[in-house]
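So the structure is just underneath, and the comments pick up after that.
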Amino acid sequence: MQTPSSFNLRPPVAALVAVLFVAPLLLSACASAPVGYSDFDIETDFSGYRSFAWVPSNTLVAATPDPLNPALEPTLKTEVRAYLTGRGFRYVENPADADFVIGFQVGSTPTVRTTAFTDNYRQVRIIGTSRTAEVVSQTGEEGGLIIDIFDADSGQKKWMGWSLTEITMADRMNLTPLARQLADVILQHFPPEI
């Protein structure tokens, strides 16, 4: 790997280049990836959980006034099932034969991001007048997925995981990549390590 001196840059210039160009790229990459979180019943022994099924009714609960894509529930089931069976859990059709059952909750809210640019390098021409400030507003939508795990015998919630992320039109058109990404970041916390 080359060091900054091999690019013939003085150390302060190399540091400035890193701060101005590399750091924003790294920060933007980190900011765009969803993060999963979880909470669980600390009294539960998850080592006995080997088989799972879906909550028998209302597997997907929506906390949004907008209509849902009808493909959302089957896509979530496919991705969660693939993740869990890949980790050694067994899917069963009948919830009575499962150790735990899984349900989903989804919701979304509109977002607005406003940025003000006030430097001299970004002057805006508005009807022949030069201004040194620019305000840019972007609208979007933030969506969340919650995965709930209930003990099949008692019906009590034993674990929940969640993640929030920005939802784009491309995500709405092709649900699978986002569903897979959210399932992965959420379920990496299951079973919890106590």
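The values are calculated or read from the model by the stated rules, or taken from the named source; none is laboratory data. No experiment lies behind these values; they were computed from the predicted model shown. Positions of Cβ are backbone-derived with ideal geometry, glycine not excepted, and every protein chain shown enters the neighbour counts. Accessible surface areas use protein heavy atoms only, side chains included; no ligands, DNA or RNA. Shrake-Rupley method; radii C 1.70, N 1.55, O 1.52, S 1.80 Å.
Descriptive notes on the structure:
- Flag if Val112 is open to solvent by 70 Å² or more (accessible area, probe 1.4 Å), modelled with pLDDT under 95 and not in a loop (DSSP other than H, G, I, E, B): yes
- Listed by first and then second residue, the pairs linking a residue in the range 136-161 that is closer than 14 Å to Trp54 by Cα and touching a residue at least 24 places away in the same chain (Cβ under 8 Å) to a residue that is of a type in the set (Lys, Arg) and open to solvent by 50 Å² or more (accessible area, probe 1.4 Å), with Cβ atoms under 6 Å apart and 6 or more places separating them unless they lie on different chains, are Asp148/Lys157; Phe150/Lys157.
- Inter-residue pairs, beta-carbon under 8 Å, first over 10 Å from Asn94 (Cα atoms) and in the range 46-58, second modelled with pLDDT of 95 or more and open to solvent by 80 Å² or more (accessible area, probe 1.4 Å), 6+ apart: Arg50/Arg90; Ser51/Arg90; Ser51/Asp97
- Gly155, sole failed condition from (1) assigned to a strand (DSSP E or B); (2) small (Gly, Ala, Ser); (3) surrounded by fewer than 18 Cβ atoms within 10 Å (Cβ to Cβ): (1)
- Taken as a whole, the range 46-64 holds at least one residue that is on the phi > 0 side of the Ramachandran plot, open to solvent by 70 Å² or more (accessible area, probe 1.4 Å) and assigned to a loop (DSSP other than H, G, I, E, B).
- Test for Ala71: is it of a type outside the set (Phe, Trp, Tyr), surrounded by fewer than 16 Cβ atoms within 10 Å (Cβ to Cβ), on the phi < 0 side of the Ramachandran plot and modelled with pLDDT under 85: no
- Filtered residue count, the range 133-163, keeping only those that are touching a Phe, Trp or Tyr at 6+ places or on another chain (Cβ under 9 Å) and over 21 Å from Ser57 (Cβ atoms): 8
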